[in-house]
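J.: Below is a structure I'd like to ask you about.
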Amino acid sequence: MREKRKVSLVIADVDGTLVTEQKVLTERARAAVQALRRGGIGFAITSGRPPRGMAMLVEPLALDTPIAGFNGGIFVKPDMTVVKERLLATETAHRAVELIRGRGMDVWVYSGKEWLVHSPDAPHVAREQWTVKFPPTVIDDFGPALQRAVKIVGVSDDHDLVARCERDAQVALGAEASAARSQPYYLDVTHPSANKGTVVEALSEFLSVPTAEIATIGDMPNDVLMFRKSGLSIAMGNAGPDVRKEAQAITDSYNDEGFAKAMERFVLNLERSEGGR
């Protein structure tokens with residue numbers, strides 16, 4: 001039997017976890033967050049998305065905790081006021097761009113409030129715009145923006161290539177940056193202290209909640225670091241085997257109410273009949 005743990009705060013990844021494949025927040029997921037609050041449990045979100053790309057979740061979830069964008073590269077209040085920001089060193093940002101380009105992948109740069117791309121027709125740009133609800137700025141030269149880059153993204157539909165580039169970036173950039181896949185087709189490069197492990201530590205400090213009383217839920221390799229820092233870790237059913245093996249519990253897929261079921265079963269300890277699963 002799974003040991004019952006005290007949970008005072010839940011930190012959830014967004015894409016692949018809180019929302020469905022079609023980026024929809026279901027009514028059952030929203031109800032689960034409301035139930036957490038009624039039970040005196042806080043709720044926070046973290047994502048590789050920019051803060052503006054999570055603004056649409058503030059009202060339906062009644063968010064009142066700091067939001068960790070860019071995998072912890074920036075923390076904002078629900079009104080989008082910046083609380084804390086971690087920028088890549090300029091030289092590290094240049095090296096990351098060169099490495100990603102050298103592997104034949106597209107590159108995006110997030111600097112300030114801007115999302116910068118070379119081509120609006122490149123893979124995943126249109127889908128990302130639909131997801132985050134704001135357009136990119138098309139630019140020929142990333143150079144000036146790399147002086148204030150908070151996240152650099154390598155993009156490719158060759159998932160094996162993205163995985164290889166992740167390993168190469170971790171070796172090449174070492175302690176100068178955090179490099180991890182946020183989706184099978186995205187490699188996120190951020191400040192070395194901007195990762196989901198430090199998100200757990202920062203929210204623990206901001207909200208005065210011991211890490212042992214924090215539950216985390218996610219689906220991608222970049223979520224593993226927050227699993228290791230929290231008292232209870234839950235992997236989505238759509239997560240890969242390398243992610244699932246790092247979690248203490250596994251729920252269903254994001255297309256089968258996996259987030260809501262995890263909250264009900266592992267955090268709220270609610271029992272549902274088979275017909276209501």
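J.: Would you check if G174 is small (G, A, S), outside the structural domain of V58 (by TED's automatic domain parsing) and more than 26 Å from G197 (Cα to Cα)?
T.: Numbers: small (G, A, S): yes; outside the structural domain of V58 (by TED's automatic domain parsing): yes; more than 26 Å from G197 (Cα to Cα): no.
The answer is no for G174.
J.: While we're looking at this one, here's another question. Quick one: in the stretch 129-149, of everything that is in contact (Cβ under 8 Å) with a residue 60 or more places away in the chain and in a helix (DSSP H, G or I), which residue is farthest from the chain's Cα centre (by Cα)? Spell out how you get there, then give the answer.
T.: Step one: filter the stretch 129-149 for residues in contact (Cβ under 8 Å) with a residue 60 or more places away in the chain, giving 130-134, 148-149.
Restricting the remaining residues to those that are in a helix (DSSP H, G or I) gives 130-132, 148.
Details: W130: 17, T131: 14, V132: 13, R148: 21 Å.
Among those that are in contact (Cβ under 8 Å) with a residue 60 or more places away in the chain and in a helix (DSSP H, G or I), it is R148.
J.: Does the stretch 159-168 hold any residues that are out of contact with any Pro (no Cβ under 9 Å at 6 or more places or on another chain) and without any contact (Cβ under 8 Å) to a residue 24 or more places away in the chain, and which are they? Give the derivation first.
T.: As a first pass, look at the stretch 159-168 and keep what is out of contact with any Pro (no Cβ under 9 Å at 6 or more places or on another chain): 160-161, 164-165, 167-168.
Within the stretch 159-168, D160, R167 qualify.
J.: Filter the helices (runs of 4 or more DSSP H) completely within the stretch 1-118 down to those with at least 1 residues that are in contact (Cβ under 8 Å) with a residue 40 or more places away in the chain and surrounded by 17 or more Cβ atoms within 10 Å (Cβ to Cβ).
T.: 27-38, 90-102
J.: Quick one: which strands (runs of 3 or more DSSP E) lie wholly within the stretch 175-265 and hold at least 2 residues that are in contact with a strand residue (DSSP E or B) (Cβ under 8 Å, 6 or more places away or on another chain) and under 26 Å from R164 (Cβ atoms)?
T.: Values: elements: 178-183, 186-190, 214-218, 232-235.
Of the strands (runs of 3 or more DSSP E) lying wholly inside the stretch 175-265, those with at least 2 residues that are in contact with a strand residue (DSSP E or B) (Cβ under 8 Å, 6 or more places away or on another chain) and under 26 Å from R164 (Cβ atoms) span 178-183, 186-190.
J.: Shifting gears a bit: Looking at S119, is it polar (S, T, N, Q), in contact with a Lys or Arg (Cβ under 8 Å, 6 or more places away or on another chain) and on the phi < 0 side of the Ramachandran plot? First the steps, then the outcome.
T.: Numbers: polar (S, T, N, Q): yes; in contact with a Lys or Arg (Cβ under 8 Å, 6 or more places away or on another chain): no; on the phi < 0 side of the Ramachandran plot: yes.
So S119 fails the test.
The values are calculated or read from the model by the stated rules, or taken from the named source; none is laboratory data. A quick note: this is a predicted structure, and the numbers were derived from the prediction, not measured. Neighbour counts run over all protein chains shown; Cβ positions are idealised from the backbone, glycine included.
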